[in-house]
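Undergrad: Shown below is the structure under consideration.
The values are calculated or read from the model by the stated rules, or taken from the named source; none is laboratory data. Only a predicted model underlies this, so the values are computations on that prediction, with no experimental measurement involved. Virtual Cβ from ideal backbone geometry, glycine too; neighbours counted across all protein chains shown.
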Amino acid sequence: MAKDKQARLDALKAQIEADQPAPLLAAGATQMVFGAGDPDAAIVFIGEAPGKKEDLKGRPFIGAAGKFLSQMLSGIGLKRDDVYITNIVKYRPPNNRDPLPAEKAEFLPYLQQQLDIIEPKVIVTLGRHSTDSLLPGLMISQVHGQPQQANGRTYLPLFHPAAALYNGGLRQTLIDDFARLPIILDKISS
């Protein structure tokens, strides 16, 4: 099953490269950062867009926010290889600016295809960009840590790990919200 899903993800990555959504982003990036992890994961984490380190290495969440994400995963008994991590936008915006609404809209159909292939039990939106893209109209500050149902899927909106690094007050909130993931998975599985 995982091999088949990985083959389908590889084909989707090739399709994105062929389609060239957001061509100005692609032209300014070193490479596409498609996603990484278990193609058969129960949990998918979705950020907004790659940063500088991710752009250089071609892997999502490998900077300071990624280290914090790895620590939180370890805190609930998981490793990065146990989950799947991606972003809405697959190319680094110039100077790490926020992705534009049009850029997010161009990549959203591909992200939906990624989710269709992986079929996770829980989709964790990290920050306001991914939350707003997948759960329009919800404010991360009001729904963080509260499971949401939409389109037949379960979502868990969380603050972005980078936000918690820059705003120490959010750190414990994010850790506490993150700790609810195993409970939510158990409820879905039973």
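Undergrad: When you go through (1) touching a helix residue (DSSP H, G or I) at 6+ places or on another chain (Cβ under 6 Å); (2) of a type outside the set (Asp, Glu); (3) surrounded by fewer than 21 Cβ atoms within 10 Å (Cβ to Cβ); (4) within 21 Å of Gly127 (Cα to Cα) one by one for Ala36, which number turns out not to apply?
TA: That leaves (1) as the condition not met.
Undergrad: Do you know which residues across the range 173-190 are of a type in the set (Ser, Thr, Tyr) and assigned to a helix (DSSP H, G or I)?
TA: Thr173, Ser189
Undergrad: Consider Met1 against the criteria (1) touching a residue at least 40 places away in the same chain (Cβ under 8 Å); (2) surrounded by fewer than 16 Cβ atoms within 10 Å (Cβ to Cβ): it satisfies all of them except one. Which criterion is unmet?
TA: In the conditions (1) touching a residue at least 40 places away in the same chain (Cβ under 8 Å); (2) surrounded by fewer than 16 Cβ atoms within 10 Å (Cβ to Cβ), Met1 misses (1) alone.
Undergrad: Checking Asn95 against (1) modelled with pLDDT of 95 or more; (2) farther than 23 Å from Pro136 by Cβ, which test does it fail?
TA: If we test Asn95 against (1) modelled with pLDDT of 95 or more; (2) farther than 23 Å from Pro136 by Cβ, just (1) comes out false.
Let's see how each residue does on (1) hydroxyl-bearing (Ser, Thr, Tyr); (2) surrounded by fewer than 21 Cβ atoms within 10 Å (Cβ to Cβ); (3) modelled with pLDDT under 95:
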position: Pro109; (1), (2), (3): no, yes, no
position: Leu115; (1), (2), (3): no, yes, no
position: Glu119; (1), (2), (3): no, yes, no
position: Thr131; (1), (2), (3): yes, no, no
position: Leu135; (1), (2), (3): no, yes, no
position: Val143; (1), (2), (3): no, yes, no
position: Gln148; (1), (2), (3): no, yes, no
position: Pro157; (1), (2), (3): no, no, no
position: Tyr166; (1), (2), (3): yes, yes, yes
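Undergrad: Still on this model: Of everything in the range 39-64, what is out of contact with any helix residue (DSSP H, G or I) (no Cβ under 8 Å at 6 or more places or on another chain) and at positive phi? Give them in sequence order.
TA: Once the filter is applied, which keeps residues that are out of contact with any helix residue (DSSP H, G or I) (no Cβ under 8 Å at 6 or more places or on another chain) and at positive phi, the range 39-64 yields only Gly58.
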